[in-house]
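The values are calculated or read from the model by the stated rules, or taken from the named source; none is laboratory data. In this text, all values refer to a predicted model and were calculated from it rather than measured experimentally. With ideal geometry, Cβ positions are generated from the backbone for all residues, glycine too; neighbour counts draw on all protein chains shown. The accessibility values were calculated without ligands, DNA or RNA, using every heavy atom of the protein model including side chains. Shrake-Rupley method; radii C 1.70, N 1.55, O 1.52, S 1.80 Å.
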Amino acid sequence: SQRIRNHLLVLLAVYGAGSAKAVAALIVSVLTDRIPSYFWATRNVVAAVFVLMLGVAAGQTLLNLSAFARNGLDYDRYPTEAVDWLASRGEGGRLLVHFNEGSFALWRLHPEYLVSLDGRYEEVYPQSTIDVVHRALDTDHPDHEESLRAVAPDYILTEEPERADAFGADWIVVFNDTRFAILAHDTLTHTRPPRTARPMWVPGF
């Protein structure tokens, strides 16, 4: 939400001046008509409040952007090494993944891999897909095995590496960094030679 707010304020600063001026004029007109004429400072008060609001929004945007500039991009919460393993050594195919990591996996692995779910789950995926993916990842759920067969993944990316064995004998742990684990179906051969994963981010300027 912070990223989106910054983008919105930048767009408004460039393209929204005319609309902002019209809205401010409308507010002043409405207040002027409803407030007694002896309140001569109405226009000045409204203008001052409006300018103050713009100043606060601009200041917050600069603080947010400067925080990104000072701290850089933090990938610690994402399965960077696990996804790089898939990109460099995996065979491609269908990846079972929770939506928390799905967007990152989609960004790094498309088009060789198809993710089961990502952060667009509310806009793109039907509730039935969300439910079956969650059941397939939850080894304690009574419908876990049926859901896993329904998704039919080639790989599983799980943030519970200590529970990797619970997926059954058909799944082999091919990567484990104590934070995330990758399981491959035992029918995969992994005969492809290692490939170099593309850089995480390359400046475009």
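Among the residues of segment 1-15, none is identified as modelled with pLDDT of 75 or more and not in a helix (DSSP H, G or I).
Among the residues making up segment 144-160, those that are open to solvent by 60 Å² or more (accessible area, probe 1.4 Å) and either of a type in the set (D, E, K, R) or within 21 Å of the chain's Cα centre (by Cα) (or both) are Glu145, Glu146, Arg149, Glu159, Glu160.
Kindly indicate which of His185, His110, His141 is touching a strand residue (DSSP E or B) at 6+ places or on another chain (Cβ under 7 Å), modelled with pLDDT of 90 or more and open to solvent by 30 Å² or more (accessible area, probe 1.4 Å). Reasoning before the result, please.
Details: His110 fails: touching a strand residue (DSSP E or B) at 6+ places or on another chain (Cβ under 7 Å); His141 fails: touching a strand residue (DSSP E or B) at 6+ places or on another chain (Cβ under 7 Å).
Among His185, His110, His141, only His185 is touching a strand residue (DSSP E or B) at 6+ places or on another chain (Cβ under 7 Å), modelled with pLDDT of 90 or more and open to solvent by 30 Å² or more (accessible area, probe 1.4 Å).
The set of residues from segment 139-163 being of a type in the set (D, E, K, R) and within 15 Å of Glu101 (Cβ to Cβ) comprises Glu159, Glu160. Beta carbons closer than 7 Å, at least 6 apart along the sequence or on distinct chains, pair a first residue in segment 157-171 that is free of Cβ contacts under 8 Å to residues at least 60 places away in the same chain with a second that is of a type in the set (Val, Ile, Thr) for Pro161/Thr178; Arg163/Thr139; Ala164/Thr158; Ala164/Val173; Ala166/Thr139; Phe167/Thr139; Phe167/Ile156; Trp171/Ile156.
Any chance segment 34-49 includes a residue that's loosely packed, with under 14 Cβ neighbours inside 10 Å and either in contact with a Lys or Arg (Cβ under 8 Å, 6 or more places away or on another chain) or modelled with pLDDT of 80 or more (or both)? Within segment 34-49, none of the residues are loosely packed, with under 14 Cβ neighbours inside 10 Å and either in contact with a Lys or Arg (Cβ under 8 Å, 6 or more places away or on another chain) or modelled with pLDDT of 80 or more (or both).
Scanning segment 58-89 for residues that are assigned to a helix (DSSP H, G or I), at pLDDT 75 or above, open to solvent by 70 Å² or more (accessible area, probe 1.4 Å) and closer than 25 Å to Gly102 by Cβ yields Glu81, Arg89.
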